[in-house]
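The values are calculated or read from the model by the stated rules, or taken from the named source; none is laboratory data. These numbers come from a predicted model, not from an experiment. So basically every Cβ, Gly included, is an ideal-geometry build from the backbone, and we count neighbours across all protein chains shown.
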Ligand SMILES: Cc1ncc(COP(=O)(O)O)c(C=O)c1O
């Protein structure tokens, strides 16, 4: 199947070695399953490759926007990697996990004063500063607290990785970062390195997401290194950290390529080292910020079929007990997913249908025009590779409670996040 953690036994889809039918019976649906062993192995692949092919202190920072709950940060802490956070809420969740925040990088293009204070008070290692107003405020707040805040500066290298426009962020015309091409990045650095109460350690860029080719990452790295050379020569500034963001692609459907992340990091390392040699500069420690490629294929979502509607001359609709509230990605971006009838894996997948969610919204679809083993009410539907940007983008639209997240470790299942209750849904109401 799509990934090694997906197998079929006796006509039933198994994930991380357990039966999806058993999991649905035991925990209810909609249900998200997370393969903890797989996640730890993927983290180690990134961590070891960064050390081996980049520099000794290079490492992955888990982009926790992809899937954020206490248990994930605990795993990152145990595996000894850093994290990329984007809000006070993510930092708070990491704190709850006992995560060592000196290894946290705080991103975002619109940090509030409260965010800045919260991050400084809790010892966040590095800010990733996006604009001058923010940087000035970090300097003021750090001064009030008598600390020197380490930070890196987000730049836009002007790379268009030809991915979906909404998830492509490294172009010059972007809400993120300071453009190199326009000369603004250089002027920014000139001011930033003289600012009190902050210490600039280096630079960051993130060119986009779900990128399968190697070249955009290498091109971005080369542009960043040329900029590093310029600020070294012209401003005497020595860069110690270069964060190249996330973005490696993940196989969602059979037609997507299989990506070997270790090979990608090796290719990147070779290109960066060659460039440094040409430019006569030292390779800074490289941070990588994988989100999707750490967690996407470590997750899967199970739903129960509620109805099968056949519209004569048109489509067949299979409606399930979840949808855009737990996975808004098809509604937002038309993202492709592989969908299967998890309890009928040995039957022919020849029933053309559109899998619809339960919300009062015609766009609430999980996938259109797929082929399933013909489902009936109470059959089990699995949407594969849902670990990234599903639960973290979930909502309570229509007052639908968020699903439970169950981890699978060494064949044992346990609760990572309990199912939201109706009582949870009104707990903020006065
Ligand atoms: C700054 C930054 N770093 C890392 C990531 C993670 O990207 P991905 O999940 O594609 O690896 C994102 C995603 O939006 C991002 O904005």
Original post:
Quick one: which of 386, 325, 354 is modelled with pLDDT of 95 or more, under 26 Å from residue 294 (Cα atoms) and out of contact with any helix residue (DSSP H, G or I) (no Cβ under 7 Å at 6 or more places or on another chain)?
Top reply: 386
**OP:** Scan segment 247-305 for residues that are buried (at least 24 other Cβ atoms within 10 Å of the Cβ) and more than 16 Å from the ligand (Cβ to nearest atom) and jot them down.
**Re:** 272, 284, 300, 301, 302, 303
Original post:
How many residues does segment 72-89 hold that are in contact (Cβ under 8 Å) with a residue 24 or more places away in the chain and either part of a loop (DSSP other than H, G, I, E, B) or crowded, with 18+ Cβ neighbours inside 10 Å (or both)?
Top reply: 11
Subject >> When residues of segment 194-210 are limited to those that are in contact with a helix residue (DSSP H, G or I) (Cβ under 7 Å, 6 or more places away or on another chain) and outside any loop (DSSP other than H, G, I, E, B), the one farthest from the ligand (Cβ to nearest atom) >> reply: 198
Original post:
How about segment 1-30: which of its residues are closer than 17 Å to residue 322 by Cβ and in contact with a helix residue (DSSP H, G or I) (Cβ under 6 Å, 6 or more places away or on another chain)?
Top reply: 13
Original post:
Applying the selection to segment 320-338, what residues are surrounded by fewer than 23 Cβ atoms within 10 Å (Cβ to Cβ) and on the phi < 0 side of the Ramachandran plot?
Top reply: 321, 328, 329, 330, 331, 332, 333, 335, 336, 337, 338
Original post:
For residue 363, all conditions in the list (1) in contact with a helix residue (DSSP H, G or I) (Cβ under 6 Å, 6 or more places away or on another chain); (2) crowded, with 19+ Cβ neighbours inside 10 Å hold save one; what is the number of the exception?
Top reply: (2)
Subject >> Filter pass, residue 65 being in contact (Cβ under 8 Å) with a residue 60 or more places away in the chain, surrounded by fewer than 22 Cβ atoms within 10 Å (Cβ to Cβ) and assigned by TED's automatic domain parsing to the domain that holds residue 200 >> reply: yes
Original post:
surrounded by 13 or more Cβ atoms within 10 Å (Cβ to Cβ), farther than 22 Å from residue 71 by Cβ, within 21 Å of the chain's Cα centre (by Cα) and assigned by TED's automatic domain parsing to the domain that holds residue 17 - does that describe any residue in segment 385-408?
Top reply: no
**OP:** Filter segment 1-37 for residues that are within 18 Å of residue 415 (Cβ to Cβ), in a helix (DSSP H, G or I) and in contact (Cβ under 8 Å) with a residue 12 or more places away in the chain and give the result.
**Re:** 20, 23, 24, 26, 27, 36, 37
Original post:
Can you name every residue in segment 222-246 that is buried (at least 22 other Cβ atoms within 10 Å of the Cβ) and either within 16 Å of the ligand (Cβ to nearest atom) or not in a helix (DSSP H, G or I) (or both)?
Top reply: 224, 239, 242, 243, 244, 245, 246
